[in-house]
Amino acid sequence: QVLYAIRAPKVTQVKKLYERMCDIAKGAALITGTTVDIRQVAAYSNVIGNDVLEEVMDKNLDHFIPIGYTEEELAYAGKFKEVVTELDKEGLKDMIAHVVEKDKRKEVLDMPLLDFKLDRSESYGGGGSTDVGDVSWCIPTAQINTSTFPAQAPGHSWQNVSCGRTSIAHKNMLLAGKVIAATAIDLMEKPDVLQAAKDEFNKKMKRYGGYTCPVPQGAVPVIPGEKM
């Protein structure tokens, strides 16, 4: 029994890769004189951004930053420099080179915690897998990312986990909540903006051909310990 996760920037690309992987498995079974049973257990669509909503959210973020960290929070975050690998340090430098102006890069590298807004048009690195993608194919959707852990901490690490219960993470969680709430108020008070977001969404869906759920009919959640 083996579990494969297939990723690509677009769900259409994933579907093609999935078919290819199935053919590889079937070919291996033929070569070895064995059989293979294939079961798809999950799938996520890529996120369809909405410029109108993102612009509203971006403007609301200006009202709540800089966050302002205490000396204790900065000292705590600074300790992570001592337990980050050289590879992760190089990764941070590479990221900053993509999203920060050249004359400010050294200053940003020395920051224990990032406390400024990045240009929303800038992007760096790979993505993730999230069912928010499927939501974005059904209604206009926007997201916000905040600094709930130090910039030096690599993703999916114990360093991330160690920040989860701190005031650093709490402040950034509240920041995200405030921005989302303010954006919701704007959309309720400005129906023309909401309509513009819907118009953008409908235009994109017309171009993409609408949403098709990538999870096959009859698929059920896998219970931990259960054989697939």
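The values are calculated or read from the model by the stated rules, or taken from the named source; none is laboratory data. Small disclaimer: the values here were computed from a predicted structure and weren't measured. Counting neighbours? That spans all protein chains shown, and the Cβs are built from the backbone with ideal geometry, glycine included. To get the accessible areas, we keep the full protein, side chains included, count just its heavy atoms, and leave off ligands, DNA and RNA. Shrake-Rupley method; radii C 1.70, N 1.55, O 1.52, S 1.80 Å.
Consider all pairwise Cα distances in the stretch 134-206 and report the whole-number % of them above 20 Å.
Percent of Cα pairs beyond 20 Å in the stretch 134-206: 50.
Can you tell me the FRET efficiency between residue 217 and residue 51 if r is taken as the Cβ-Cβ distance and R0 is 35 Å, rounded to the nearest 0.05?
The value I calculate is 0.55.
Please list, or write none, the aspartates and glutamates whose alpha carbon is within less than 12 Å of the alpha carbon of residue 81, excluding same-chain residues fewer than 8 places away.
Cα-Cα hits under 12 Å: 110.
Report the full-extension gain for the segment residue 173 to residue 32: residue separation times 0.36 nm, less the Cα-Cα distance, to one decimal in nm.
Full extension from residue 173 to residue 32 adds 45.5 nm.
In the chain, which whole DSSP H runs stretch at least 27 Å along their own axis (Cα) and average 0.0 or higher on the Kyte-Doolittle scale?
Both cut-offs are met by 11-32, 167-189.
Please report the spacing between the Cα centers of the stretch 47-115 and the stretch 123-190 in Å, no decimals.
The stretch 47-115 and the stretch 123-190 have Cα centres spaced 13 Å from each other.
With respect to the cross-link table entries 16/117; 59/204; 104/204, which display a Cα-Cα separation exceeding 27 Å?
Those over the limit are 16/117; 104/204.
Largest first, how would 65, 180, 168 line up by accessible area (1.4 Å probe)?
180, 65, 168
What does the convex hull of the Cα atoms of the stretch 71-112 come to per residue, in Å³, rounded to a whole number?
Value for the stretch 71-112: 65 Å³ per residue.
If the elastic network links every pair of Cα atoms under 10 Å, which of 30, 187, 61 fluctuates the most in the Gaussian network model of the chain?
Looking only at 30, 187, 61, the largest GNM fluctuation is found for 30.
Share of the chain's accessible area from carbon and sulfur, percent, 1.4 Å?
Whole-percent figure for carbon plus sulfur exposure: 57.
In Å³ and rounded to a whole number, note down the convex hull volume per residue for the Cα atoms of the stretch 31-161.
190 Å³
Taking the chain as a Gaussian network, Cα atoms linked when under 10 Å apart, which of 191, 214, 150 shows the biggest mean-square fluctuation?
Top of the fluctuation ranking is 191.
Give a quick list of chymotrypsin sites (Phe, Trp or Tyr not before Pro) in the stretch 175-228 that DSSP marks as loop, anything other than H, G, I, E or B, with at most 15 other Cβ atoms within 10 Å.
Sparse-neighbourhood loop chymotrypsin sites (Phe, Trp or Tyr not before Pro): 211.
Using a Förster distance of 35 Å, how high is the FRET efficiency between residue 19 and residue 119, based on the Cβ-Cβ distance and rounded to 0.05?
Here the calculated transfer efficiency is 0.40.
Output the Kirkwood hydrodynamic radius of the stretch 21-99, Cα pairs only, in Å rounded to one decimal.
19.0 Å
P(r) of the stretch 90-173 in 5 Å steps, Cα pairs, percent per bin?
Pairs per bin, as whole percents: 3, 11, 20, 23, 20, 14, 7, 2, 0.
Just in the stretch 52-131: which GluC sites (Glu not before Pro) are loop by DSSP and have at most 16 other Cβ atoms within 10 Å?
Those that pass, being in a loop and sparsely packed, are 101, 122.
Out of [x] -0.33, -1.11, -1.34; [y] -0.33, -0.86, -1.24; [z] -0.22, -0.91, -1.48, which label holds the value of log10 I(q)/I(0) by the Debye sum over Cα atoms at q = 0.07, 0.14, 0.18 Å⁻¹ that was computed here?
Among [x] -0.33, -1.11, -1.34; [y] -0.33, -0.86, -1.24; [z] -0.22, -0.91, -1.48, the one calculated here is [x].
Using helices alone, what [θ] at 222 nm do you get for the chain, with -39,500 (n - 2.57) per DSSP H run of 4 or more residues, divided over all residues and rounded to the nearest 500?
-15500 deg cm²/dmol
Can you tell which of 56, 14, 83 shows the greatest fluctuation in a Gaussian network model of the chain with Cα springs below 10 Å?
83
Which of the trypsin sites (Lys or Arg not before Pro) across the stretch 146-181 are loop residues per DSSP, with 10 or fewer other Cβ within 10 Å?
When the trypsin sites (Lys or Arg not before Pro) of the stretch 146-181 are filtered for loop state and at most 10 Cβ neighbours within 10 Å, 165 remain.
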